[in-house]
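**Student:** A single structure is presented below for examination.
Please treat every number below as a calculation from the coordinates, not as lab data. Worth saying up front: this structure is predicted, and the values here are computed from it rather than measured. Here the Cβ positions follow ideal geometry from the backbone for every residue, glycine too, while neighbour counts run over all protein chains shown.
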Amino acid sequence: MKKNKLKIVLIGGPGTGKTAVLETLKKRGFFCLDEVSRAVTLEAQKQGIDQLFLSNPLLFSQKLLEGRENQFFNAQKSNSEYVFFDRGIPDVKAYLDYYKTEHPSLFLEKCKEYFYDVIFHFKPWNAIYTKDNERYESFDEAKQIDFFITKTYQNLGYTLIDVPFGTVNERVDFIINSLPSE
């Protein structure tokens, strides 16, 4: 009998190393789903909207929610034992809460509807934090966002596993060694 695939989410504020770890997990043969917000931001920029999240946070968040739901469905189709996500559905609600954006209860309902098995938390790390075209927050803002993200997941009943600082390979090794085994 085939074991159910584990849905594993990498969470934390912006600029904490999640994407670099995800890229290394891919290179090691794991099935990984990229962060959706960069694609949404780039698409909006093609339409002349510099930062959709800042100009219309609810629309941006609805697009993120749709993208993350699609990722969840795509993960179900995978033959892999482990599926890694760069952020999960609760991140959408956490960002809305951080920016004090009124939002329908649908966002919380979706957080409860889709369940992840393992949550790895990447703490804010000033030594690696950088801004870029899609990441415009200061490091202090990144720390506050991290607080809202961790609070959201914990309020939903998730236990977070903190990923220690280290090289990308050390962090990947920690994650792989922390995965539940059969």
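**Student:** What does the charge add up to near Gly166, with Lys and Arg as +1, Asp and Glu as -1, over the other residues with Cβ less than 15 Å from its Cβ?
**Tutor:** Here the charged neighbours net out to 0.
**Student:** Continuing with the same structure: Name the long-range amide H neighbours of Cys32: under 5 Å, sequence gap of 5 or more, or other chain; modelled H, no Pro or chain starts.
**Tutor:** Phe84
**Student:** When the dipole is taken about the Cα centre of the chain, and only Lys, Arg (+1) and Asp, Glu (-1) are charged at their Cβ, what size is it in debye, to the nearest 20?
**Tutor:** 400
**Student:** Tilt of helix 168-178 relative to the longest C-alpha principal axis of the chain, in degrees (0 to 90, nearest 10)?
**Tutor:** With both axes taken from Cα atoms, the answer is about 60 degrees.
**Student:** To continue, here is another question. Using the structure shown, list the pairs from Lys77/Lys131; Lys77/Lys143; Lys5/Lys131; Lys7/Lys123 with a Cα-Cα distance above 32 Å, or answer none. Don't jump to the answer; show the numbers that get you there.
**Tutor:** Values: Lys77/Lys131 34 Å; Lys77/Lys143 35 Å; Lys5/Lys131 34 Å; Lys7/Lys123 20 Å.
Correct reply: Lys77/Lys131; Lys77/Lys143; Lys5/Lys131.
**Student:** Further question on the same structure: Give the cross-link partners of Lys26 among the aspartates and glutamates, using a straight C-alpha distance below 20 Å as the criterion and excluding same-chain residues fewer than 8 apart.
**Tutor:** Filter leaves Asp34, Glu35, Glu81, Asp86, Asp117, Glu170, Asp173.
**Student:** Calculated FRET efficiency, Thr130 and Leu42, Cβ-Cβ r, R0 25 Å, to nearest 0.05?
**Tutor:** It comes out at approximately 0.90.
**Student:** When a footprinting reagent is the concern and you count Cβ atoms within 10 Å, what order do His121, His103 take, fewest first?
**Tutor:** His103, His121
**Student:** Further, regarding this structure: Short version: ³J(HN,Hα) in whole Hz for each residue of segment 108-119, in order, from phi by Karplus 6.51 cos²θ - 1.76 cosθ + 1.60 (θ = phi - 60°), x for Gly and Pro, what are they?
**Tutor:** Per-residue couplings from phi come out as 5, 4, 5, 4, 7, 6, 9, 10, 9, 8, 9, 10 Hz.
**Student:** Along segment 79-93, what does the Karplus equation 6.51 cos²θ - 1.76 cosθ + 1.60 (θ = phi - 60°) give for ³J(HN,Hα), rounded to whole Hz, x for Gly and Pro?
**Tutor:** 8, 6, 6, 10, 10, 9, 10, 8, 6, x, 4, x, 4, 4, 5
**Student:** Moving to a separate point now. Using a 10 Å Cβ count of at most 13 others and DSSP loop calls, identify the longest part of the chain lacking such trypsin sites (Lys or Arg not before Pro).
**Tutor:** The answer is 29-99.
**Student:** Spelling out what I want: for every residue of segment 9-23, take phi, set θ = phi - 60°, compute 6.51 cos²θ - 1.76 cosθ + 1.60 (Karplus), and round to whole Hz; glycine and proline get x.
**Tutor:** With the stated coefficients, segment 9-23 comes to 10, 9, 10, x, x, x, x, 9, x, 4, 5, 4, 5, 4, 4 Hz.
**Student:** Based solely on its DSSP helices, what 222 nm [θ] is calculated for the chain when runs of n ≥ 4 H residues each add -39,500 (n - 2.57) and the sum is averaged over all residues, nearest 500 deg cm²/dmol? Could you put the intermediate results ahead of the total?
**Tutor:** Numbers: 8 runs with 91 residues, N = 182.
Value at 222 nm, helices only: -15500 deg cm²/dmol.
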